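All remarks here apply to the structure that follows.
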Amino acid sequence: MPPPTPQTFPRFPSLSFTFPPFLLSLSLLLLLTLSSSTPTPTPTPPPSFYSILRSHGLPIGLIPKSITNFTMDPTTGRFEVHLDRACNAKFENQVHYDFNVTGTLSFGQIGELFGVSAQELFLWFPVKNIRVDVPSSGLIYFDVGGVVSKQFSLSLFETPPDCVDVGPTEDARILDSLLEIESQSGKLKRVLDERDVLRAVS
């Protein structure tokens with residue numbers, strides 16, 4: 001038997017591919033863009049003052065909608081809220097907010113409050129402290145003028161109120177009323193102090 005003849009295959013010309021330089025640059029740029037486009041985590045927005053109130057067990061409706069910015073010291077609880085204008089809000093009574101409201105937050109309470117006043121019998125009294133019961137009784141208490149405590153339903157303060165602009169005349173009238181109350185309060189305190197001194201002597 002004759003030996004098998006080796007098979008031969010046709011030879012094809014060798015192929016070589018060359019990319020134009022601009023196409024090669026474009027491909028590299030696309031590859032780099034895709035590899036560097038891993039999503040970066042978006043930064044968490046800073047908490048709003050309303051969320052800080054809520055985290056301290058207080059309703060968010062204690063401060064009106066017109067906050068422009070605020071500062072808060074998490075160590076001491078001291079805060080300062082800036083409103084876009086002095087304004088009034090209506091709950092059961094009228095409440096006046098100055099441009100700046102300051103105070104000290106602790107759980108269920110705002111102490112050393114300045115810049116908030118409540119109207120009683122046509123007079124304006126400074127609100128010194130605000131507190132809620134822990135656990136909640138559904139009530140909130142305003143220390144008005146340092147002399148009387150007013151209680152309201154918490155439901156009145158569920159959402160930040162609209163704040164109505166007060167003109168310069170109304171703002172001046174409120175300030176005069178507050179100064180008069182502070183003056184009378186100071187006189188009463190002096191009388192009480194003198195009485196205590198007399199009692200101690202006798």
For the range 127-141, name all the residues that are modelled with pLDDT of 95 or more and either within 18 Å of Phe79 (Cα to Cα) or among the polar types (S, T, N, Q) (or both). Val127, Lys128, Asn129, Ile130, Arg131
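State yes or no: is Gly111 modelled with pLDDT of 90 or more, more than 16 Å from Val166 (Cβ to Cβ) and buried (at least 16 other Cβ atoms within 10 Å of the Cβ)? Before you say what the answer is, go through the steps one by one.
Details: modelled with pLDDT of 90 or more: yes; more than 16 Å from Val166 (Cβ to Cβ): yes; buried (at least 16 other Cβ atoms within 10 Å of the Cβ): no.
The answer is no for Gly111.
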Starting from residues that are in a strand (DSSP E or B) and among the polar types (S, T, N, Q), keep the ones in the range 114-137 and report whichever is surrounded by the most Cβ atoms within 10 Å (Cβ to Cβ). Ser117
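Out of curiosity, is Leu156 at pLDDT 90 or above, hydrophobic (A, V, I, L, M, F, W, C) and assigned to a helix (DSSP H, G or I)?
On the way: at pLDDT 90 or above: yes; hydrophobic (A, V, I, L, M, F, W, C): yes; assigned to a helix (DSSP H, G or I): yes.
Yes: the conditions hold for Leu156.
Matching residues to (1) out of contact with any Lys or Arg (no Cβ under 8 Å at 6 or more places or on another chain); (2) charged (D, E, K, R); (3) more than 15 Å from Lys150 (Cα to Cα):
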| site | (1), (2), (3) |
| --- | --- |
| Cys87 | yes, no, yes |
| Phe91 | yes, no, no |
| Val101 | yes, no, yes |
| Ser106 | yes, no, yes |
| Ala118 | no, no, no |
| Asn129 | yes, no, no |
| Val132 | yes, no, no |
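Give the number of residues within the range 60-99 that are without any contact (Cβ under 8 Å) to a residue 12 or more places away in the chain and either surrounded by 15 or more Cβ atoms within 10 Å (Cβ to Cβ) or outside any loop (DSSP other than H, G, I, E, B) (or both). Step through it out loud before you land on a result.
Filtering the range 60-99 down to residues without any contact (Cβ under 8 Å) to a residue 12 or more places away in the chain leaves 71, 73-75.
So of that shortlist, the ones also either surrounded by 15 or more Cβ atoms within 10 Å (Cβ to Cβ) or outside any loop (DSSP other than H, G, I, E, B) (or both) come out as 71.
Adding up the residues that qualify gives 1.
Give the residues of the range 60-108 that are of a type in the set (A, V, I, L, M) and in contact with a strand residue (DSSP E or B) (Cβ under 8 Å, 6 or more places away or on another chain), sorted by residue number. Show your work before the answer.
As a first pass, look at the range 60-108 and keep what is of a type in the set (A, V, I, L, M): 60, 62-63, 67, 72, 81, 83, 86, 89, 95, 101, 105.
Selection gives Leu62, Ile63, Ile67, Met72, Val81, Leu83, Ala86, Ala89, Val95, Val101, Leu105.
The values are calculated or read from the model by the stated rules, or taken from the named source; none is laboratory data. As the structure is a prediction and not an experimental result, all values here were calculated from the model. Note that each Cβ is placed from the backbone with ideal geometry, even for glycine, and that neighbours are counted across all protein chains shown.
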